[in-house]
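Engineer: This is the structure I have questions about; it appears just below.
The values are calculated or read from the model by the stated rules, or taken from the named source; none is laboratory data. Nothing here was measured: the structure is a model prediction, and the numbers come from that model. Cβ: placed from backbone, ideal geometry, glycine included. Neighbour counts: every protein chain shown.
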């Protein structure tokens, strides 16, 4: 891998139309100044010919381009990137049992590393600057090594499965699973100037004992870490939890401490009115994954009803084998579109959808004070878009609508994470994509051979 470039002393992005996501000043013609990894100023546009001449600032000319906060995906599985295309057209239960769990069990340290590198490359090139990631049960340190190298902001954790019903190849003794998770937390939580953080990640209630879930709640509070799990994805899941615990799934999770602003629940497709009110009271984060829910036939989450009730909602692509993209722009567009046949064309407006992918994701990661808007003092996680292509023309249309309904991952020009330029002119700067592609394909072939796919 190539060495990381030294960060510039300061960076100025000049000439762009700035979508701040700050409700006080949403769209500006301004320059954005970055120093020490943070947004130092958003101020009146300067003459770009004079900026930086005498003080050594690095200047990026963004004339005619759009500057946004980096997009946040609050539910991904980087360990599954090498499984793309291997589990298509299956319902969730078969998708897991026949493909995903055997493939995860076959992972090695090297295959996890290159799976994370491939996924992170796709995310960065598509304008995603921060993620909430659930790895598999082993080799989570290798995923963190990849994330540290490539420059993505990530909150990630080892998958925890200790229940008798969990797959034998991935089930672990409760104490062992929790101890390894706590050790990894001690190693990685806050690493890379806080760019890398730990989450506790029980897979979902049916695969985790109450003992493990209660311990996760305590450990997460002690470490000031996020809890990341799945909930209410299918009726089968709800029925399983009801049969085994006697409780509705959300009520059960609440009873073992998996609830509140520290918790992110992926999917929440099968949630009724009482469940929505519960999530709103708790301020538990819901992560909407529209592509995954459609592809697996799980359903359509009642996101407008959740938002109307005051729920906190974010977006995520989920994993490559149930999507098959890690494209935040696809999720943005789908999130806005899938609700319209149910509730009408104004059910989830473009501006609200974009907020899910910025501030909503920041809240789910516990980073609302640090990312999600362009304003002084926030971390400099930024995205520069070129909307000059025919699919995003003409220019007179509402800018937010153009971004949500027309923009594509291929429109991304530059990406900045923590003040460092990690994508320039659509190319990775922290890693060699040809090497990632070569190694990812090599290890994907080994995994397919290991389970005879």
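Engineer: Based on this model, can you work out whether residue 152 counts as closer than 30 Å to residue 419 by Cβ and crowded, with 23+ Cβ neighbours inside 10 Å?
Structural biologist: Yes: the conditions hold for residue 152.
Engineer: Could I ask something else about it? Output yes when any residue across segment 79-87 is more than 28 Å from residue 432 (Cβ to Cβ) and modelled with pLDDT of 90 or more, and no when none is.
Structural biologist: Within segment 79-87, one or more residues are more than 28 Å from residue 432 (Cβ to Cβ) and modelled with pLDDT of 90 or more.
Engineer: Give the residues of segment 410-453 that are in a helix (DSSP H, G or I) and over 18 Å from residue 108 (Cα atoms), sorted by residue number.
Structural biologist: The answer is 410, 411, 433, 434, 435.
Engineer: Still on this structure, please answer the following. Conditions first: (1) in contact with a helix residue (DSSP H, G or I) (Cβ under 7 Å, 6 or more places away or on another chain); (2) more than 23 Å from residue 126 (Cβ to Cβ); (3) free of Cβ contacts under 8 Å to residues at least 24 places away in the same chain. Residue 344 passes all but one, so which condition is the exception?
Structural biologist: If we test residue 344 against (1) in contact with a helix residue (DSSP H, G or I) (Cβ under 7 Å, 6 or more places away or on another chain); (2) more than 23 Å from residue 126 (Cβ to Cβ); (3) free of Cβ contacts under 8 Å to residues at least 24 places away in the same chain, just (1) comes out false.
Engineer: Would you call residue 70 on the phi > 0 side of the Ramachandran plot, in contact (Cβ under 8 Å) with a residue 40 or more places away in the chain and touching a strand residue (DSSP E or B) at 6+ places or on another chain (Cβ under 6 Å)?
Structural biologist: Here the answer is no, as residue 70 does not meet what is asked.
Engineer: Residue check: is residue 355 modelled with pLDDT under 95 and either in a helix (DSSP H, G or I) or over 20 Å from the mean Cα position of the chain (by Cα) (or both)?
Structural biologist: In short, no.
Engineer: Something else: For segment 361-381, does any single residue satisfy the condition of being more than 22 Å from residue 285 (Cα to Cα), without any contact (Cβ under 8 Å) to a residue 60 or more places away in the chain and either in a loop (DSSP other than H, G, I, E, B) or over 14 Å from the mean Cα position of the chain (by Cα) (or both)?
Structural biologist: No - not one qualifying residue is present in segment 361-381.
Engineer: Filter segment 382-399 for residues that are assigned to a loop (DSSP other than H, G, I, E, B) and out of contact with any strand residue (DSSP E or B) (no Cβ under 8 Å at 6 or more places or on another chain) and give the result.
Structural biologist: 388, 389, 393, 394, 395, 396, 397, 398
Each row is one residue, and each column tells you yes or no for (1) more than 23 Å from residue 207 (Cα to Cα); (2) buried (at least 24 other Cβ atoms within 10 Å of the Cβ).
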| position | (1), (2) |
| --- | --- |
| 75 | no, yes |
| 81 | no, yes |
| 106 | no, no |
| 123 | yes, yes |
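Engineer: Which of the helices (runs of 4 or more DSSP H) contained wholly in segment 83-170 include at least 3 residues that are more than 22 Å from residue 441 (Cβ to Cβ) and touching a strand residue (DSSP E or B) at 6+ places or on another chain (Cβ under 9 Å)?
Structural biologist: In segment 83-170, 140-150 are the helices (runs of 4 or more DSSP H) which contain 3 or more residues that are more than 22 Å from residue 441 (Cβ to Cβ) and touching a strand residue (DSSP E or B) at 6+ places or on another chain (Cβ under 9 Å).
Engineer: When the residues of segment 280-305 are filtered to those that are in a helix (DSSP H, G or I) and in contact with a strand residue (DSSP E or B) (Cβ under 6 Å, 6 or more places away or on another chain), which remaining residue is surrounded by the fewest Cβ atoms within 10 Å (Cβ to Cβ)?
Structural biologist: 292
Engineer: Does segment 3-25 contain at least one residue that is surrounded by fewer than 17 Cβ atoms within 10 Å (Cβ to Cβ) and either assigned to a strand (DSSP E or B) or modelled with pLDDT of 95 or more (or both)?
Structural biologist: The answer is no; no qualifying residue exists.
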